[in-house]
Amino acid sequence: MVVFMLFDALAPDVPSIIQAYSKHSDSITVEFSAVSGATSYILRAENERGFFSETVVPSSPGTVLNLSPYTNYTLSVMSVNSGGRSQPSIPVQAKTVIVAPALQCISPTNDTILVTWDPVDHAVLYSLTIIMQGSSSRLKLNTSQTNMTFTNLESGVTYCIKATAFDPEGIPGDDITICQITRPSVPGDVQVLPTLSRTLGLAVYWQAVRGADLYYAVSSTGQNCSAFKESSCIISPLNCSENHTVTVTAQNEAGPSSPSQPEEMLTYPCPPDSVQVGEVGVGNCSVTWAAVPWVDYYIAYVKRDDGAEEQCNTTSTTCYYNCHCSFIYLTTVFAYNGAGPSPPGPILNYTTVPCCPDNVSVSLISTETLEISWSAVRGAELYETVAADGPDSIHCSDTVPLCALSDLNCNSLYSVVIRPCSEISGCNNTCTAHTQETAPCTPEILNLTQVNSSAVQVLWRAPNRQANYTVKAVGSGSTISCVSSGTSCDITNLPCGASYEVKAYAATTAGQSLPSYSVALETGPCCPENLTVEQVTQSMTSVVWSPATGAQSYITSLTSPRGHAKCHTMDTHCLMGCITCGTNYSVSMEAISMTGHKSQCNYHGFASSSCCPTGVRLYGMANNTLRVYWRGSDSLYGYSADLFGTIANYTCSSALGSNSCDIQQVVCGQVYTAVVAPLTSQGSKVSFCPRRLYSGEILFYFILKGRVQT
């Protein structure tokens, strides 16, 4: 038992290293001889930089790991059992190889692979071998550069590339293998079709290519679709008026292929917007809209509310069509291109302005009021009537085709326009104006001037143009007028003693004005037709006249160079004293109305009788004859002497120029009254001379004595 224990505790023999080599840049493999009784081995590695490691391996060969590349190491081996480890073997020198290049591969095109790497320390040459997956053929290339491009490769195929770096001693370092697939080839036979679903889409079809995992269909609008190992996809939704240029790209982990040949597809146009309808002139309407891209032409459809239709085909953005007044037009615009028509644009409801009315009648129903009537207009909801006189205007708005414009300016030419209106389309401002002149302005009588007893001048003013004026004097039972185109005229042949209301009227072709305010006119009273002057006494006369129309009082005058007499009375007679005998008087009268109007009346002159003689004497003569003697002015027609008694009367007349006459056969003893009076032109005697009384005894005594009794 003791012997066994001593035997088991003995350390194994020292192994010997057969060879040491490096196949990898981080390890060295050591081959050594086996030692009997050893259960494991320890590989010791160290270098000059202080590195030291021991690696336990079960047998030969053994590998020391975690070494630095291209580094010299001193290697030794020890055997180990339960008794411990042996002494290190004789050391050997070995160097790790350089590292393999760190390859980076890309496939820039579908037939190339570009391999790049960073420079490897201490490497002077690189060897690359490329093998297509599934093929036994290979290509080996050496280079001192740090990149390599493999060309003429097949698309969509995986290639494996093995690379090794060589140090200056020509010892290869680590090798590395990396596999890279080339990009897929360009998809062919691309087709673009619109989808038939409710939502507009673009179906893209292509031919699948080898090695592609994913396909992208991209439109020029930026929209796209993709398919995983399928040969079609749908770009949706699409917009109207788009020109799609579609390319398809196949893709795998190497990247995308080049895009396919572009295929174009045009979507149907968008409906035109910003559509506007308006009238550019009478009966001519336009519809305009904003331009739509990718459009070949437009068609504007116009339908009238009575069923009539019209359409306009154009490549511009404006259409013109005939539009009659008083109608409603429904307008829509379609755009067209190779893909078809657009959806309908907005439907515009355009109502034209109502037509101008027919049968317009403008009449003057009073001096300053116009009545306008017309036929009702289709579609008109309101009528605006405007009457303009220069800058001034007056308006009337009503729903019926009748309007009265009042309080207009007189003697003015009004331009009357009727504008039918609707709430939607507004008013028709193109209707023709109708003219109508209002009645002339009323004249204003300024003054009445008496021209003579039967004529009055009337003066007025009125701001009228080319008017004729009529002035009427209206009295009880008669009307007298005068006419003028100026501002005055004379009313003639006015009767005396009459009262009138004077009014002036203006007249033009439009009609007659209102009458002016009336002015009272009173003509002078008439002169009495008959007037007689009778001398009552030697110094007093009686004047009698017939009543005069319009006269209330009278002033009668007797006028002579030797004096005058006058009386003022409301009667038709008066007595006037202070008359001088033997004098010629002019006879005149002023007839005065109750308002003070006067008429001067002249009559034939009046001659007062010769004065009664004075100093009458009786002289007795022979044969019972008496001579009457007197003193007096010369009478033009002589004198008459009268002797009035109780039994008989006696008369004698004197010759012209004589102042005495004889009375014969006088009866004595009687009482007599003697009167000597001048004779008138008619031979009559003046009746107012004084009488003298004589008795018969005295007369007889006088006769006997032959003396004159005074």
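The values are calculated or read from the model by the stated rules, or taken from the named source; none is laboratory data. A quick note: this is a predicted structure, and the numbers were derived from the prediction, not measured. Glycine gets a Cβ as well: all are built from the backbone with ideal geometry, and neighbour counts include every protein chain shown. Just the protein is used for accessible areas: all its heavy atoms, side chains included, with ligands, DNA and RNA removed. Shrake-Rupley method; radii C 1.70, N 1.55, O 1.52, S 1.80 Å.
The table below gives the values:
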item	result
Within segment 220-246, tally of residues that are out of contact with any strand residue (DSSP E or B) (no Cβ under 6 Å at 6 or more places or on another chain) and more than 16 Å from LEU200 (Cβ to Cβ)	3
Selection count, segment 649-667, where residues are assigned to a loop (DSSP other than H, G, I, E, B), touching a strand residue (DSSP E or B) at 6+ places or on another chain (Cβ under 9 Å) and on the phi < 0 side of the Ramachandran plot	7
Unique match (being among the polar types (S, T, N, Q), outside any strand (DSSP E or B) and open to solvent by less than 70 Å² (accessible area, probe 1.4 Å)) among SER610, SER640	SER610
The one condition in (1) under 15 Å from ILE176 (Cα atoms); (2) part of a strand (DSSP E or B) that LEU139 fails to fulfil	(1)
Test for VAL115: is it in contact (Cβ under 8 Å) with a residue 24 or more places away in the chain, touching a strand residue (DSSP E or B) at 6+ places or on another chain (Cβ under 8 Å) and over 15 Å from GLN180 (Cβ atoms)	no
Condition met for THR116 (closer than 30 Å to VAL209 by Cα and surrounded by 14 or more Cβ atoms within 10 Å (Cβ to Cβ))	yes
Among (1) open to solvent by less than 90 Å² (accessible area, probe 1.4 Å); (2) modelled with pLDDT of 85 or more; (3) out of contact with any helix residue (DSSP H, G or I) (no Cβ under 9 Å at 6 or more places or on another chain) - the single one THR625 does not satisfy	(3)
Any chance ALA203 is modelled with pLDDT of 95 or more and of a type in the set (Gly, Ala, Ser)	no
Selection from segment 519-544 of residues that are within 24 Å of THR479 (Cβ to Cβ), small (Gly, Ala, Ser) and in contact (Cβ under 8 Å) with a residue 24 or more places away in the chain	GLY524
Failed item, numbered, when THR651 is tested on (1) over 29 Å from THR559 (Cβ atoms); (2) of a type in the set (Ser, Thr, Tyr); (3) open to solvent by less than 20 Å² (accessible area, probe 1.4 Å)	(3)
All positions within segment 410-421 that are surrounded by 16 or more Cβ atoms within 10 Å (Cβ to Cβ) and more than 23 Å from the chain's Cα centre (by Cα)	CYS410, ASN411, SER412
Strands (runs of 3 or more DSSP E) lying entirely in segment 432-547 (those with 2 or more residues that are touching a Lys or Arg at 6+ places or on another chain (Cβ under 9 Å) and open to solvent by less than 60 Å² (accessible area, probe 1.4 Å))	468-475, 478-484, 499-508
Matching residues in segment 84-94 - criterion: being surrounded by fewer than 19 Cβ atoms within 10 Å (Cβ to Cβ) and either under 30 Å from THR129 (Cβ atoms) or out of contact with any strand residue (DSSP E or B) (no Cβ under 9 Å at 6 or more places or on another chain) (or both)	GLY84
Strands (runs of 3 or more DSSP E) contained in segment 22-89 and holding at least 2 residues under 23 Å from PHE166 (Cβ atoms) and of a type in the set (Gly, Ala, Ser)	none
Extreme residue, surrounded by the most Cβ atoms within 10 Å (Cβ to Cβ), among residues of segment 125-137 that are at pLDDT 90 or above and more than 18 Å from GLY211 (Cβ to Cβ)	TYR126
Pairs where the first residue, in segment 303-321, is under 18 Å from ARG378 (Cα atoms) and the second is assigned to a loop (DSSP other than H, G, I, E, B), C-beta under 9 Å, 6+ apart	ARG304/CYS323; ARG304/HIS324; ARG304/PHE327; ASP305/PHE327; ASP306/PHE327; ALA308/PHE327
Top-ranked residue in segment 680-699 [being touching a strand residue (DSSP E or B) at 6+ places or on another chain (Cβ under 6 Å) and open to solvent by less than 30 Å² (accessible area, probe 1.4 Å); ranked as modelled with the highest pLDDT]	CYS689
Qualifying position, being open to solvent by 60 Å² or more (accessible area, probe 1.4 Å) and either of a type in the set (Phe, Trp, Tyr) or on the phi > 0 side of the Ramachandran plot (or both), among GLY379, GLY390	GLY390
So THR332, is it within 34 Å of the chain's Cα centre (by Cα) and modelled with pLDDT of 90 or more	yes
Residues satisfying the stated conditions in segment 550-606, i.e. hydrophobic (A, V, I, L, M, F, W, C), part of a loop (DSSP other than H, G, I, E, B) and either under 20 Å from CYS526 (Cα atoms) or open to solvent by 30 Å² or more (accessible area, probe 1.4 Å) (or both)	ALA551, MET570, CYS578, MET594
Candidates THR177, THR164, filtered to the one that is touching a Lys or Arg at 6+ places or on another chain (Cβ under 6 Å) and either surrounded by fewer than 13 Cβ atoms within 10 Å (Cβ to Cβ) or closer than 19 Å to SER25 by Cβ (or both)	THR177
Hey, THR710 closer than 24 Å to THR537 by Cβ, open to solvent by 80 Å² or more (accessible area, probe 1.4 Å) and modelled with pLDDT of 85 or more or not	no
Set GLY669, GLY657, GLY645, GLY596: member being free of Cβ contacts under 8 Å to residues at least 60 places away in the same chain and under 22 Å from GLN538 (Cβ atoms)	GLY657
Any hit, segment 630-639, residues being farther than 19 Å from THR537 by Cα, of a type in the set (S, T, N, Q) and without any contact (Cβ under 8 Å) to a residue 60 or more places away in the chain	no
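Let's see how each residue does on (1) open to solvent by 20 Å² or more (accessible area, probe 1.4 Å); (2) not in a loop (DSSP other than H, G, I, E, B):
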{"position": "CYS312", "(1), (2)": "yes, yes"}
{"position": "CYS325", "(1), (2)": "yes, no"}
{"position": "LEU330", "(1), (2)": "yes, yes"}
{"position": "ALA335", "(1), (2)": "no, yes"}
{"position": "GLY345", "(1), (2)": "no, no"}
{"position": "TYR350", "(1), (2)": "yes, yes"}
{"position": "CYS356", "(1), (2)": "yes, no"}
{"position": "SER363", "(1), (2)": "yes, yes"}
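To keep it simple, each residue is scored yes or no on (1) open to solvent by 20 Å² or more (accessible area, probe 1.4 Å); (2) under 21 Å from ALA11 (Cβ atoms).
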site: ALA45; (1), (2): no, no
site: SER68; (1), (2): yes, no
site: VAL77; (1), (2): no, yes
site: ALA100; (1), (2): yes, no
